[in-house]
Amino acid sequence: MRGEPSRETPLVAFRAVEKTYDGVVNVVERLDLEIERGEFLTLLGPSGSGKTTTLMMLAGFEAPTAGEILLNGRSLARTPPFRRNIGMVFQNYALFPHMTVGDNVAYPLRRRRFPRSEVDTRVRRALDMVRLGGLEQRFPGQLSGGQQQRVALARALVFEPDVVLMDEPLGALDKKLREDMQLEIRHLHQTLGMTVIYVTHDQAEALTMSDRIAVFSDGRIQQIGSPREVYERPVNAFVANFIGENNMLPGVIVTPAEPALSSEGAPQLCTVQLDDGPTVEALANGSRRVGERVAVSIRPERLELAHRPDRRNRIQGRLLEVIYFGDHARLRVRVGAIEVMVKARLDEWRHPECRGERVDLSWATDHGLVLEPAVDGGAAA
Ligand SMILES: Nc1ncnc2c1ncn2[C@@H]1O[C@H](COP(=O)(O)OP(=O)(O)OP(=O)(O)O)[C@@H](O)[C@H]1O
Ligand SMILES: [Mg+2]
């Protein structure tokens, strides 16, 4: 580490960064984002939401249209990519096919004019780290997909960069290998203490790997927080629907908040008249008006099938279908005009399937969140 700035300086800071390619549409909209040293931050979002563009600007392959990006407190505006001390891994490995594994890994060191003796030591160390020691002389075409991805990882880490950017690095791998590599990258992150900015559209990957997740849509961060925060307290319908499954019960606010619970900033308990059912209680961020149209968002695993007269939040529906998943079952249930998905443990669902059967559903008050009603497909403003 050179010229150690004060501890509070974030390692990376985007300040009001905007990007347009065509001069018309901003694919990144006024991005303010700080990344701490040692953090594992994931950018999660649908295709075209600006994730790769954000990485490319940090790496120096695209210039921001407005705003600035700081690394260690210094503007990167005039620093070419190879002087940024940023490592990169991409989906398609992007190894040089005509170079051996050893030469691929050595490439960033040679580019940065590391002394010859150091190049060999570092290459060996980096390949050992990703468990590929001894394969220096192979060519990329002689390696499996997972091995190639590990070479790419070694190449990104070999010069001990300040930050490693990974853009869908596991996208080309099958499920099992992908999960192994997720763990491997996580362990490398923990042991090396490096800072990682990771891009994926796989929400499970984001949840299992990250310290924080920034959920992108249309060039904006919709929410940034720990995996738990974004999953359990999504701030809007887009986040709720993008991360995990989600039921949205439409309704109207009857009582905006219970004064006893409305301390500053804390979620407030509202009463909502459901379109297709009784009134229920749910948590709202921020104030809501009486009569305002909303949706109560509930995760499928939070809906309980047992008849619970003690619960204030209960709805009834008719069973449409039971889908067996081995470790759990999913029940499609019609509730008035909408369909609700319930994720049930197998011991909760012993009955033989009986289409049309009446189902009682209940949930704990703090598992229902008041969000804006879904608009088709639902990107929230
Ligand atoms: N070089 C380019 N020239 C013009 N438009 C571009 C360029 N690169 C990206 N775009 C556009 O900018 C928007 C954001 O693209 P970007 O690649 O950042 O999205 P992404 O979130 O990485 O998507 P994906 O998940 O599909 O990789 C898209 O609408 C895309 O078409
Ligand atoms: Mg991309």
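Does Ser75 satisfy the criteria of being at pLDDT below 95 and of a type in the set (Ser, Thr, Tyr)?
So Ser75 fails the test.
Kindly establish whether Pro140 is within 30 Å of Arg15 (Cα to Cα) and crowded, with 16+ Cβ neighbours inside 10 Å.
Here the answer is no, as Pro140 does not meet what is asked.
Which one is nearest to Ala13 (Cα to Cα), of the residues in the range 67-104 that are among the polar types (S, T, N, Q) and buried (at least 16 other Cβ atoms within 10 Å of the Cβ)?
So the residue we want is Asn72.
If I ask for residues that are in contact with a Phe, Trp or Tyr (Cβ under 8 Å, 6 or more places away or on another chain) and within 8 Å of ligand 1 (Cβ to nearest atom), which ones from the range 17-42 would you list?
Across the range 17-42, the qualifying residue is only Val27.
Can you tell me which residue among Gly251, Gly219 is surrounded by 22 or more Cβ atoms within 10 Å (Cβ to Cβ), farther than 19 Å from Leu303 by Cα and touching a strand residue (DSSP E or B) at 6+ places or on another chain (Cβ under 6 Å)?
Checking each option against the conditions leaves just Gly219.
Which residue, of Met57, Met88, is assigned by TED's automatic domain parsing to the domain that holds Gln190 and either closer than 22 Å to Val230 by Cα or within 12 Å of ligand 1 (Cβ to nearest atom) (or both)?
So the residue among Met57, Met88 that is assigned by TED's automatic domain parsing to the domain that holds Gln190 and either closer than 22 Å to Val230 by Cα or within 12 Å of ligand 1 (Cβ to nearest atom) (or both) is Met57.
Do we have any residue at all in the range 268-283 that's out of contact with any Cys (no Cβ under 6 Å at 6 or more places or on another chain), part of a loop (DSSP other than H, G, I, E, B) and within 25 Å of Arg228 (Cα to Cα)?
no
Among the listed residues Leu127, Leu177, identify the single one that is away from ligand 1 (no atom under 16 Å from the Cβ), at pLDDT 90 or above and in a helix (DSSP H, G or I).
Answer to the selection: Leu127.
If you go through the range 186-207, how many residues are away from ligand 1 (no atom under 16 Å from the Cβ) and touching a helix residue (DSSP H, G or I) at 6+ places or on another chain (Cβ under 6 Å)?
3
Tell me the residue from Glu62, Glu39 that is assigned by TED's automatic domain parsing to the domain that holds Ser210, within 16 Å of ligand 2 (Cβ to nearest atom), acidic (Asp, Glu) and touching a residue at least 12 places away in the same chain (Cβ under 8 Å), please.
One residue alone meets the criteria, Glu62.
Give the residues of the range 231-244 that are over 16 Å from Glu372 (Cβ atoms) and at pLDDT 90 or above, sorted by residue number.
Tyr231, Glu232, Ile243
Can you tell me which residue in the range 46-59 is nearest to Pro80 (Cα to Cα), limited to those that are part of a loop (DSSP other than H, G, I, E, B) and within 9 Å of ligand 2 (Cβ to nearest atom)?
The residue in question is Gly50.
Going by the structure shown, is Asp167 more than 16 Å from ligand 1 (Cβ to nearest atom) and acidic (Asp, Glu)?
no
The values are calculated or read from the model by the stated rules, or taken from the named source; none is laboratory data. Predicted, not measured: the structure shown is a model, and the values here were computed from it. Methodologically, a virtual Cβ is constructed for each residue, glycine included, from the backbone with ideal geometry; neighbour enumeration extends over all protein chains shown.
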